[in-house]
Amino acid sequence: MIDVNCASCGQLILHYQKDGPGWLKRCYLNRIFAPDELEKLQYDKNIKIPSDLSSLVCSRCGEIIGSPVLHKDGRLAFHLERGKFKRKTYK
């Protein structure tokens, strides 16, 4: 599990389960575990394409953390902007 925090203000953005090695560059909707409003996005049948999602924004300072993308395998995700977030990994 990984905590993704805003690099500007330190606000916790989301809890995420990463599935492989390497740096974190995108967060798939089906691997977001909190907060509830982000976790529920994977079950929203109205969300089919990236433009159905808004950008991932820090609730405290308004910094844009990521933008919606459709990965080549068809999964919706947030592409994270380098330098806009910090991560803390739990084993």
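The values are calculated or read from the model by the stated rules, or taken from the named source; none is laboratory data. Quantities reported herein were computed from a predicted structural model and do not represent experimental measurements. Here the Cβ positions follow ideal geometry from the backbone for every residue, glycine too, while neighbour counts run over all protein chains shown.
Computed values, structure above
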| read-out | value |
| --- | --- |
| Subset of region 16-48 (residues that are within 16 Å of residue 80 (Cα to Cα) and of a type in the set (Ser, Thr, Tyr)) | 16, 28 |
| Odd one out for residue 30 among (1) buried (at least 16 other Cβ atoms within 10 Å of the Cβ); (2) out of contact with any Asp or Glu (no Cβ under 7 Å at 6 or more places or on another chain) | (1) |
| Any hit, region 58-71, residues being in contact with a strand residue (DSSP E or B) (Cβ under 7 Å, 6 or more places away or on another chain), over 20 Å from residue 22 (Cβ atoms), touching a residue at least 40 places away in the same chain (Cβ under 8 Å) and surrounded by 17 or more Cβ atoms within 10 Å (Cβ to Cβ) | yes |
| Region 49-81, residues that are part of a loop (DSSP other than H, G, I, E, B), over 12 Å from the mean Cα position of the chain (by Cα), charged (D, E, K, R) and modelled with pLDDT of 95 or more | 60, 63 |
| Check on residue 86, surrounded by fewer than 16 Cβ atoms within 10 Å (Cβ to Cβ), modelled with pLDDT of 95 or more and assigned to a strand (DSSP E or B) | yes |
| Top-ranked residue in region 1-47 [being in a strand (DSSP E or B) and among the charged types (D, E, K, R); ranked as nearest to the chain's Cα centre (by Cα)] | 26 |
